[in-house]
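Here the structure is laid out as structure tokens; the discussion comes afterwards.
The values are calculated or read from the model by the stated rules, or taken from the named source; none is laboratory data. Bear in mind the structure is a predicted one, so any value in this text is a computation, not a measurement. Every residue, glycine as well, gets a Cβ built from its backbone with ideal geometry; the counts of neighbours run over all protein chains shown.
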Amino acid sequence: MLNERLFGLSDYPFARLASLLKDLTPAQGLAPIDLSIGEPKFGPPALIKPILQDNFDTYGRYPPVPGTPELRQAIARWLVRRYALPQGLISGDSNVIPLSGTREGLFMLALAVLPQQKGGGKPIVLMPNPFYQVYKGGALAAGGEPRYLEATAENGFVPPLCSVPDPLWSRTALVYLCSPSNPQGAVADRAYLEQAIALARRHDFVLAIDECYAEIYDKAPPVGGLEVAAASGSLDNVVVFHSLSKRSSAPGLRSGFCAGDARVIALFKNLRSYAAAGMSFPVMAAATALWQEESHVEATRARYRAAFDAAERSLGNRFGFRRPGGGFFLWLDVGDGERAARTLWEKAAVKVLPGAYLTHAEEGEPNRGAPYARLALVHDAAVIAEAAGRIAKVL
């Protein structure tokens with residue numbers, strides 16, 4: 001009666017965290033600070049408020065699932081500017097599909113691209129470990145077999161493609177990568193992405209690069225998947241995902257996109273016409289404006305740099321602190337992530353996410369994420385300074 005493929009899904013990380021802390025009361029006399037979820041606290045850019053109001057009447061119309069031509073073209077032009085893509089390589093009509101948030105897109109992509117079999121067996125979906133749980137959910141729902149590439153301190157938190165044997169590549173239908181990565185903030189370099197794209201084309205799988213944190217970086221802008229693919233003059237086998245939730249501090253808009261290989265986008269677009277709801281017209285108008293405006297993104301980057309400065313002053317010589325190349329997370333070695341989460345909530349009123357909740361462990365094997373905790377530095381620098389000081393004192 002039920003889809004047994006989904007029995008492999010554990011409770012979502014934040015449900016597990018709520019269960020872990022349910023018997024505790026946060027430290028009295030301290031204002032609680034939530035660093036567990038990557039929800040920017042800076043507020044969305046003011047420029048979209050009048051746009052949403054001016055388009056209010058369009059709530060009376062069904063929005064097109066493929067988005068408006070204006071939004072698709074704004075996205076295509078942004079990609080060309082951001083990644084110096086050759087003119088004519090990417091089209092808003094054939095290479096771009098807007099999404100109601102990248103979570104649904106990353107999940108649904110697996111339904112679009114996984115065949116019933118590949119290489120004589122169940123199709124394999126490779127993903128980094130730790131990983132965004134949606135990758136696993138999509139793989140299981142589509143009938144795939146999730147396999148995990150360990151991203152550890154020893155390999156710079158970048159999943160080692162060289163560890164995959166050829167027989168496994170022959171069964172691989174989809175590979176999820178994330179750069180900058182969640183939770184470690186590691187950035188894949190050009191050589192790594194060149195290797196990944198070459199493998200995708202050699203073994204005929206889809207390479208899906210989650211670049212939702214690409215606009216939040218400390219020093220150098222991360223190289224992008226389409227930027228590297230463009231060197232060959234082709235986007236074959238490659239799609240990327242971007243979101244306004246992080247770039248523009250607007251998670252409530254639920255607005256992102258997928259772009260790349262026109263064959264994948266066409267099939268994905270057809271699937272979404274059956275299974276997805278389009279963004280409302282006011283949201284699409286706001287998103288169009290945000291993809292055309294950069295000053296608010298520069299201001300957001302400055303806020304995150306200040307937050308990392310504040311955290312580094314208190315934590316820089318503790319817990320394996322490393323300042324990530326991108327994203328807004330810290331991945332701290334606290335010895336026991338669950339114990340630390342309970343201690344910090346009870347004694348410091350600071351909420352963090354245990355690393356084990358983001359990491360797959362094979363049966364009988366230790367969970368490599370168990371010693372870690374993830375901290376989302378999504379508040380202003382003063383709040384982060386207060387939280388980091390409490391953490392340093394309590395742990």
By residue number, the members of region 264-280 that are in contact with an Asp or Glu (Cβ under 8 Å, 6 or more places away or on another chain) and charged (D, E, K, R) are none
Exactly one of ARG323, ARG272, ARG368 is assigned by TED's automatic domain parsing to the domain that holds ASP210 and touching a Gly at 6+ places or on another chain (Cβ under 9 Å), and that residue is ARG272
Here the qualifying pairs (Cβ atoms under 7 Å; residues six or more apart or on different chains; first in region 147-174 and without any contact (Cβ under 8 Å) to a residue 24 or more places away in the chain and not assigned by TED's automatic domain parsing to the domain that holds VAL113; second of a type in the set (A, V, I, L, M, F, W, C) and assigned to a helix (DSSP H, G or I)) come out as none
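Residue-wise test of (1) over 19 Å from ARG301 (Cβ atoms); (2) surrounded by fewer than 23 Cβ atoms within 10 Å (Cβ to Cβ); (3) not hydrophobic (A, V, I, L, M, F, W, C).
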site: SER170; (1), (2), (3): yes, yes, yes
site: TYR176; (1), (2), (3): yes, no, yes
site: SER181; (1), (2), (3): no, no, yes
site: ARG190; (1), (2), (3): yes, yes, yes
site: ASP204; (1), (2), (3): yes, yes, yes
site: CYS212; (1), (2), (3): no, no, no
### Query
Given the structure, is GLN133 more than 24 Å from TYR192 (Cβ to Cβ), of a type in the set (S, T, N, Q) and in contact (Cβ under 8 Å) with a residue 12 or more places away in the chain?
no
Kindly establish whether ALA310 is small (Gly, Ala, Ser), out of contact with any strand residue (DSSP E or B) (no Cβ under 9 Å at 6 or more places or on another chain) and modelled with pLDDT under 95. no
Of the listed residues (PRO180, PRO146, PRO128), the one being part of a loop (DSSP other than H, G, I, E, B) and modelled with pLDDT of 95 or more is PRO180
For region 197-208, pairs from a residue that is in a helix (DSSP H, G or I) to a residue that is aromatic (Phe, Trp, Tyr), with Cβ under 9 Å and 6 or more apart or across chains, are LEU199/TRP169; LEU199/PHE205; ARG202/TRP169; HIS203/TRP169
Restricting attention to region 114-133, the residues that are touching a strand residue (DSSP E or B) at 6+ places or on another chain (Cβ under 9 Å) and more than 18 Å from GLY369 (Cβ to Cβ) number exactly 9
Of the conditions (1) out of contact with any Ser or Thr (no Cβ under 8 Å at 6 or more places or on another chain); (2) farther than 30 Å from LEU199 by Cβ, the single one that PRO63 does not satisfy is (1)
